[in-house]
Each structure stands twice: as C-alpha cells, then as structure tokens.
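Let me begin by presenting the structure, written as structure tokens, before commenting on it.
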Amino acid sequence: MGLVQDINSWIDLPINALKDAIDLQGCLLPKEQRTLKDNFTFTPTWVQPIVDNSKVIVVGQGDGYDPHGQITFKNNLLSFKIDFNFNYDGSTGFGTLVTGQEPIAYTVNVKQNNKTVKYSELDCPIINVKASIYEIYVDGLTDQQKVEFANDLNQLEFLPQLINDYYTNVTSAFCLKLSIFIQENSLLSKITFELDSYNKPSESNPKIIKTIETIKVQGLHFQKKIFTYGLNVEIFNFQGDDYIPLDFTFFNNHQYSIGIQMSLIKTYFLYGAANNFFNTIVNSTIWPVNFFSYKTSDLRTTIPTAYYSFKLATDININCLQTSYSFKGLTNKPEENNTITTFISYNCKAKALDVQITEFDISLQYDIALKVDTFINFFIKQYQVLSLEFKEIDQYKIWSMDRLKKMVYQGLEQNLQNYQTYGSGWLKNQMVNKTSYAFTDSTLAIWSLSLF
C-alpha cells in the first residue's frame with residue numbers, strides 16, 4: 001500500500017472525478033411540505049452537494065512499476081447545503097442548514113505503459129450519508145427554538161433518508177457520470193515546450209523544426225510504500241525514414257527528464273553544414289586576438305611583402321569556408337555531463353583591400369557539451385586542431401610560418417573555448433533547480449529534480 005503526500009501536484013490522477021460527478025448530478029430533493037410532528041412542517045427548496053477533496057488520501061496496490069493496478073481515493077468529504085421553508089411551533093420562516101462531512105471512497109483500475117496511463121472505474125461508491133446538521137440558520141425563531149428545531153431534525157433523521165433515496169434512484173446515471181470523469185482525466189496532459197526558431201542573418205528558418213512533437217510519458221510507481229510520480233518528455237524527429245525509440249537505459253532512474261534523439265541533433269548539424277551555416281568571417285570584432293589588430297602593420301615579421309605593399313592601417317579580413325564535415329556523436333561513454341564530437345575543416349583566405357595575401361586549411365575536432373539556462377544551448381567544451389597548413393601566394397612569401405600558426409592558435413584559444421554553437425536556443429528550458437545531462441549513443445538526456 002502507498003500514500004501520496006502532495007496530491008495536488010498529481011494533475012493526471014482522477015482525483016476530482018467524484019467531485020465533478022457530484023457537481024454534475026446534483027441532489028434534487030422533492031420540494032414538498034413534510035409534516036414531521038404535529039407542530040413541525042419542513043419544505044426543502046434548494047440543495048447543493050459539496051465535495052471537499054483537499055484531504056484526499058490516495059492508496060494503491062503494486063510493487064514498482066506495475067502495468068496493471070488499482071488506486072483508491074479515500075476521504076472525499078461530502079456535505080450538503082439545504083435551503084428550506086418551515087412552520088415550527090406556530091412560527092413560520094425560512095432557513096439554511098449545512099450537514100456534517102461524510103467520507104466517501106472510490107477505486108479505479110490503472111492500465112499503463114511507457115506512453116500512457118489510463119484509468120477505468122472499478123466500483124461505484126454507495127452514497128449512504130448520515131447527514132447530521134452541522135450548522136443551521138433560521139429566521140423567525142427564538143434562540144431556544146433554534147436549538148429545539150435542530151435537535152428535532154437530527155432526531156427525526158428524515159434528511160439522510162431523503163438524500164440516500166435520491167442517490168439510490170439515480171445510481172446508474174451517477175455511476176455513468178463518474179466513469180466519464182475518470183476517463184476524461186485519464187488522458188495525459190501535455191507539457192508545451194516552446195520551440196524558438198534558430199535564425200542566421202539572411203537565412204531561412206530550418207524546416208526541420210516543424211517536425212518536432214512532444215509527448216509526455218509518465219508512470220505510477222509503488223516504491224518503498226510511497227506513490228511516486230515519474231515524468232519524461234520525448235522529442236521525436238519524424239522527418240527521417242527510421243524511427244529510433246529513445247534510449248532510457250542511462251537515465252531511467254531520474255524522476256524528471258527530457259530526451260532528445262541523437263538523430264535529431266545530427267540532423268540539425270547536417271542541415272547547418274549543408275546550408276553553409278558554419279562558414280564564418282574572421283575579424284577583430286568577431287574573433288579578437290591578443291597582439292594582433294588585423295592590420296597589415298602586424299605582418300612585418302611574417303609576410304613582409306604584404307607589410308610594405310599596403311598602408312600600415314589597412315584592414316585584413318579573413319573569410320573561412322567549410323570544406324568538409326562529419327558528425328561522430330558520443331565522444332567516449334554515457335556519463336553525466338559528457339560530450340559529443342563533430343569534425344569540420346575550413347579553407348580560410350586572408351585579404352587586404354580585396355587582394356589575397358595568404359590562405360590556410362585547418363581541420364578541427366569539436367567536443368560539444370550542454371548548458372541549460374533559459375534555453376538549452378550547445379557550447380564547445382574543448383577542441384583539437386587536427387591539421388593546419390598555410391599556402392603561400394607567389395608575391396607574398398611567408399617569412400615566419402611558426403609565428404603565423406601561433407597567431408591562429410592564439411585566436412582559437414581565445415575564442416573557441418565555451419563558444420556557443422549552432423543548434424542552441426531552439427528549445428526553451430522549463431526545468432528548475434539543479435539540472436544535469438548525459439549523451440548516450442542514441443539520446444541526449446536532461447534531468448532535474450522538478451519541473452516548472
């Protein structure tokens with residue numbers, strides 16, 4: 001058996017089913033004058049049933065994750081507010097009474113898998129109330145008469161009989177309403193993740209963003225006699241031909257998590273590469289380098305011909321175009337806060353006044369990590385230069401190849417570490433508290449202690 005402590009957070013349990021069914025069914029007592037004693041007549045004019053489920057206790061049967069089980073909702077507190085007219089001991093008037101709260105329980109069947117949790121009615125509660133008067137307000141009686149009036153009503157016990165007779169007569173209709181509300185509450189409420197378009201200036205939005213769907217996956221678990229509530233969100237890319245289920249083997253013990261298919265991340269990378277999103281212009285604003293001002297005056301000891309061919313303050317602009325790329329995926333092994341690896345090669349041409357003075361080819365390995373902030377962002381955790389080769393231009397001979405390469409290495413060291421990459425900012429983070437992540441062969445898992 002298990003007990004839920006914070007029941008209001010269980011938005012998908014049919015905890016309101018009885019309340020909703022009672023509200024819809026109501027309670028229609030006959031508006032007929034009843035002679036209770038020689039000096040006492042009572043006529044109900046309006047009845048409002050009230051269900052307080054703030055103190056509901058949920059108990060269930062099962063061990064761990066059970067595809068089939070039962071949940072009982074106890075301590076639904078049912079009371080009634082009744083308006084009436086009366087004639088009592090020669091005095092005529094009207095009033096309102098409120099009955100005491102009666103605990104009502106109902107049980108539902110649970111059928112679940114890794115995508116849905118469905119509930120169905122197991123039994124229909126029998127409404128059998130005592131309906132003793134808790135409060136009474138009457139007009140036209142003395143205080144002493146009010147006390148005697150309430151005592152007479154309680155002793156005669158005709159109100160409980162009227163209420164119980166009503167619900168006995170409408171048992172089939174009421175149970176149908178209850179079943180409907182249990183079914184209505186069985187569907188998984190979806191969490192809406194805001195997908196923000198990744199836009200590069202003058203480039204259209206990647207069309208694959210439109211292929212993302214979110215599905216809330218939950219399970220009811222019975223562990224250590226506590227009813228826990230698990231939640232995962234799967235993000236699938238339906239554009240590809242192959243459907244690869246999420247790999248939850250690494251992070252299935254975490255209570256709240258988001259899973260993003262590695263195939264989706266790879267698709268984003270390939271889309272960016274195919275559309276030349278990795279091409280870049282290198283200058284002092286975008287790519288600052290210590291002791292290099294991107295002026296021809298900096299080339300005196302490296303390419304002296306270029307130093308003497310242009311005015312000292314002539315700007316140098318470097319345009320780098322990708323020449324090859326590949327997506328490796330998982331760098332090493334599934335572990336917390338690990339990385340994935342990509343490879344990109346560039347050809348970079350340096351020009352002054354639109355005159356090419358040198359060029360170089362560079363191949364880089366990027367190890368990409370995750371930063372979960374307002375958005376889920378990717379950044380370069382570390383990088384490796386696989387190759388770097390300069391090509392001389394005939395009229396601009398290179399005097400110091402080592403110094404040129406040191407400039408390139410210095411620029412990489414200053415600008416690549418923690419650089420936020422393409423693919424960031426399209427999924428808004430909705431987790432709070434400490435957040436961790438891990439890449440597996442087929443999935444990016446992100447988890448937190450709680451959501452929202």
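If the condition is being part of a loop (DSSP other than H, G, I, E, B), surrounded by 13 or more Cβ atoms within 10 Å (Cβ to Cβ) and among the hydrophobic types (A, V, I, L, M, F, W, C), then region 261-307 contributes Phe277, Phe278, Trp287, Ile303.
Take the residues in region 382-398 that are touching a Leu at 6+ places or on another chain (Cβ under 7 Å) and surrounded by 14 or more Cβ atoms within 10 Å (Cβ to Cβ), then tell me which one is farthest from Ala438 (Cα to Cα). Residue satisfying both the conditions and the ranking: Ile398.
Take the conditions (1) hydroxyl-bearing (Ser, Thr, Tyr); (2) at pLDDT below 85; (3) open to solvent by 80 Å² or more (accessible area, probe 1.4 Å); Thr168 misses just one of them, which is (2).
Answer yes if at least one residue in region 126-146 is part of a helix (DSSP H, G or I), of a type in the set (D, E, K, R), closer than 30 Å to Gly90 by Cβ and modelled with pLDDT of 80 or more, and no otherwise. Yes, region 126-146 contains a residue that is part of a helix (DSSP H, G or I), of a type in the set (D, E, K, R), closer than 30 Å to Gly90 by Cβ and modelled with pLDDT of 80 or more. Taking (1) at pLDDT below 80; (2) in contact with a Lys or Arg (Cβ under 8 Å, 6 or more places away or on another chain) in turn, Gly62 satisfies each apart from (2). Looking only at region 279-293, residues that are in contact (Cβ under 8 Å) with a residue 24 or more places away in the chain and of a type in the set (Ser, Thr, Tyr) come to 1 in all. All told, Phe73 meets the bar of being among the hydrophobic types (A, V, I, L, M, F, W, C), farther than 22 Å from Asp165 by Cα and open to solvent by less than 30 Å² (accessible area, probe 1.4 Å). Which one of these is in contact (Cβ under 8 Å) with a residue 24 or more places away in the chain, over 29 Å from Lys55 (Cβ atoms) and touching a Phe, Trp or Tyr at 6+ places or on another chain (Cβ under 8 Å): Asp152, Asp83? Checking each option against the conditions leaves just Asp152. Scanning region 138-168 for residues that are closer than 26 Å to Ile104 by Cβ and touching a Lys or Arg at 6+ places or on another chain (Cβ under 9 Å) turns up Leu156, Glu157, Phe158, Pro160, Leu162. Only residues that are open to solvent by 10 Å² or more (accessible area, probe 1.4 Å), closer than 17 Å to Val408 by Cβ and either out of contact with any Ser or Thr (no Cβ under 7 Å at 6 or more places or on another chain) or touching a residue at least 40 places away in the same chain (Cβ under 8 Å) (or both) were counted across region 363-381, and they come to 1. Taking first residues from region 26-41 that are open to solvent by 20 Å² or more (accessible area, probe 1.4 Å) and partners that are assigned to a loop (DSSP other than H, G, I, E, B), the Cβ contacts under 9 Å between residues at least 6 apart in sequence or on separate chains come to Leu28/Val170; Asn39/Asp89; Asn39/Gly90; Thr41/Gln33.
Residues that are of a type outside the set (A, V, I, L, M) and more than 53 Å from the chain's Cα centre (by Cα) were ranked within region 146-165; the one that is most open to solvent (accessible area, probe 1.4 Å) is Gln155. Scanning region 438-452 for residues that are among the small types (Gly, Ala, Ser) and in a strand (DSSP E or B), which turns out modelled with the highest pLDDT? Among residues in region 438-452 that are among the small types (Gly, Ala, Ser) and in a strand (DSSP E or B), the one modelled with the highest pLDDT is Ala438. Quick one: would you say Thr314 is of a type outside the set (A, V, I, L, M), open to solvent by less than 60 Å² (accessible area, probe 1.4 Å), touching a helix residue (DSSP H, G or I) at 6+ places or on another chain (Cβ under 9 Å) and farther than 18 Å from Lys405 by Cα? Judged against the criteria, Thr314 is a match. Applying the selection to region 78-114, what residues are open to solvent by less than 10 Å² (accessible area, probe 1.4 Å) and of a type in the set (D, E, K, R)? Within region 78-114, none qualify. Hey, Phe86 hits all of (1) modelled with pLDDT of 80 or more; (2) under 55 Å from the mean Cα position of the chain (by Cα) but one; which does it fall short on? Going through the list (1) modelled with pLDDT of 80 or more; (2) under 55 Å from the mean Cα position of the chain (by Cα), Phe86 breaks only (2).
The values are calculated or read from the model by the stated rules, or taken from the named source; none is laboratory data. Remember, predicted model here, so these are calculated numbers, not experimental data. Neighbour counts are summed over all protein chains in view; Cβ atoms, including those assigned to glycine, are modelled from backbone coordinates with ideal geometry. All accessible areas refer to the heavy atoms of the entire protein, side chains included, with ligands and DNA or RNA removed. Shrake-Rupley method; radii C 1.70, N 1.55, O 1.52, S 1.80 Å.
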